[in-house]
Every structure is written in structure tokens, then in C-alpha cells.
Amino acid sequence: AFANLRSMLRPGGRIDLAVWGPPPRNPWMTDGMAVARQHVEMPAPVPRAPGPFAFEERDYLREVLESAGFSDVFVDELAGQLAVGGAGGTAEQACAFARNAMAFGQVLLDYPEAVQQAATRDLTALYERHYRPGEGVMMDFCVWLVTARS
């Protein structure tokens, strides 16, 4: 895929990417997944497999891009807090976002309503612990900001 993207660039052209950093640095995703795992069976993540954390390892990310023909690969870090479910949102809105937009939310749909309700209750409690009035549900994130040349 990256070789195909590189072939679309002029020589010396640049690609800029933002990819999620390591799971422990992204509790906005992983903490909700941990709560869901208390209620349902989910496969353990496989390092480097397709998914949100496929490029969590900087060296692997560089290797993939360089093997696709990119050069001058630069990876920088951006970390901070983000509003889960949107700025100013409530814990309930963050939970609805997680249930609709994250993979574990889709997994929950395969389980009985009682299991879904219990998971929703615990997810909402998680997000309530991170709620800040006027800001929303604020949780840590980390992304790699990547630049490479064709």
C-alpha cells in the first residue's frame, strides 16, 4: 500500500501521516477496551497487525516506509489529551461515541442486552472519572507525526 502511495508522488514529493502511538500511551482507546473485556470475549491485539496500533513501533513504521521506497523518514511525537466523543461532551456522550465508533463497541452488539447494559454502565463510569466541566471527557493520547520523501 505504501509503495503504491509513493508511486503517486513526484520524485522528492512528501507524504505526511499521523498514526497512533503505543497502546499504553492511548488510554482514551485502551481503557474502554479493558472495560469491555470485563464483559465480553475479545481477541488479544496482535502487534503489527492491521488496526489502530499497527505502527505503534517507530522502528517498524520506518522499516515499512523505507521498504516502500520512501527516504528521509522522520517520526515525531504529539501527546496530550483529547475530548472523547467531542469537546464539552458528557460521560454518556463519550460512551455513545465509544459504543458506535470503536471496535469493542461493535463486539458488544453480538452479546445479550444485559451484557451490553452492564458494559455501558461501566464505560460510563470510566468516562465520568475523566470528565471535566466545560471541557468534556479528557483522556491521554499519543500519535506519531510522520514525514517521508518519495
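Just checking, does segment 55-65 include any residue being open to solvent by 40 Å² or more (accessible area, probe 1.4 Å), modelled with pLDDT of 95 or more, part of a strand (DSSP E or B) and closer than 24 Å to Pro11 by Cβ?
No, that holds for no residue.
Quick check: is even one residue across segment 104-119 within 15 Å of the chain's Cα centre (by Cα), hydrophobic (A, V, I, L, M, F, W, C) and either open to solvent by less than 70 Å² (accessible area, probe 1.4 Å) or modelled with pLDDT under 95 (or both)?
Yes.
Criterion first (among the aromatic types (Phe, Trp, Tyr), at pLDDT 95 or above, open to solvent by less than 40 Å² (accessible area, probe 1.4 Å) and over 30 Å from Asn4 (Cα atoms)) does Tyr127 satisfy it?
Spelling it out, Tyr127 is indeed among the aromatic types (Phe, Trp, Tyr), at pLDDT 95 or above, open to solvent by less than 40 Å² (accessible area, probe 1.4 Å) and over 30 Å from Asn4 (Cα atoms).
Under 9 Å between Cβ atoms, at least 6 apart or on separate chains: pull out the pairs that start in segment 113-129 with a residue that is of a type in the set (Gly, Ala, Ser) and end on any residue that is part of a helix (DSSP H, G or I) and open to solvent by 20 Å² or more (accessible area, probe 1.4 Å).
Final answer for the pair search is Ala119/Arg99.
Are there any pairs with C-beta distances below 6 angstrom linking a residue in segment 77-103 that is polar (S, T, N, Q) to a residue that is open to solvent by less than 50 Å² (accessible area, probe 1.4 Å) and not in a helix (DSSP H, G or I), with the two at least 6 apart or on different chains, and if so which?
Taking only residues 6 or more apart or on different chains, the pairs are Gln81/Met138; Gln93/Gly85.
In segment 82-103, how many residues are within 24 Å of Arg25 (Cβ to Cβ) and open to solvent by less than 50 Å² (accessible area, probe 1.4 Å)?
Final tally of qualifying residues: 12.
Kindly evaluate Met42 against the criterion of being touching a helix residue (DSSP H, G or I) at 6+ places or on another chain (Cβ under 6 Å), surrounded by fewer than 19 Cβ atoms within 10 Å (Cβ to Cβ) and either touching a residue at least 40 places away in the same chain (Cβ under 8 Å) or not hydroxyl-bearing (Ser, Thr, Tyr) (or both).
yes
Would you pick out the residues in segment 8-24 that are out of contact with any Lys or Arg (no Cβ under 7 Å at 6 or more places or on another chain) and either without any contact (Cβ under 8 Å) to a residue 12 or more places away in the chain or assigned to a strand (DSSP E or B) (or both)?
Met8, Ile15, Asp16, Leu17, Ala18, Val19, Trp20, Pro24
Suppose we filter Gly136, Gly69, Gly51 for residues that are at pLDDT 95 or above, on the phi > 0 side of the Ramachandran plot and surrounded by fewer than 19 Cβ atoms within 10 Å (Cβ to Cβ); which single one remains?
Gly69
Out of Val35, Val46, report the one residue that is modelled with pLDDT under 95, more than 30 Å from Gly12 (Cβ to Cβ) and β-branched (Val, Ile, Thr).
On inspection, the qualifying residue turns out to be Val46.
Quick one: is Glu77 on the phi < 0 side of the Ramachandran plot, outside any loop (DSSP other than H, G, I, E, B) and surrounded by fewer than 15 Cβ atoms within 10 Å (Cβ to Cβ)?
yes
Of everything in segment 10-24, what is farther than 23 Å from Pro50 by Cβ and open to solvent by less than 70 Å² (accessible area, probe 1.4 Å)? Give them in sequence order.
Of everything in segment 10-24, those that are farther than 23 Å from Pro50 by Cβ and open to solvent by less than 70 Å² (accessible area, probe 1.4 Å) turn out to be Gly12, Gly13.
The values are calculated or read from the model by the stated rules, or taken from the named source; none is laboratory data. Model, not experiment: these values are computed from the prediction. Neighbour counts are summed over all protein chains in view; Cβ atoms, including those assigned to glycine, are modelled from backbone coordinates with ideal geometry. Ligands, DNA and RNA are excluded from the accessible area calculation, which covers all protein heavy atoms including side chains. Shrake-Rupley method; radii C 1.70, N 1.55, O 1.52, S 1.80 Å.
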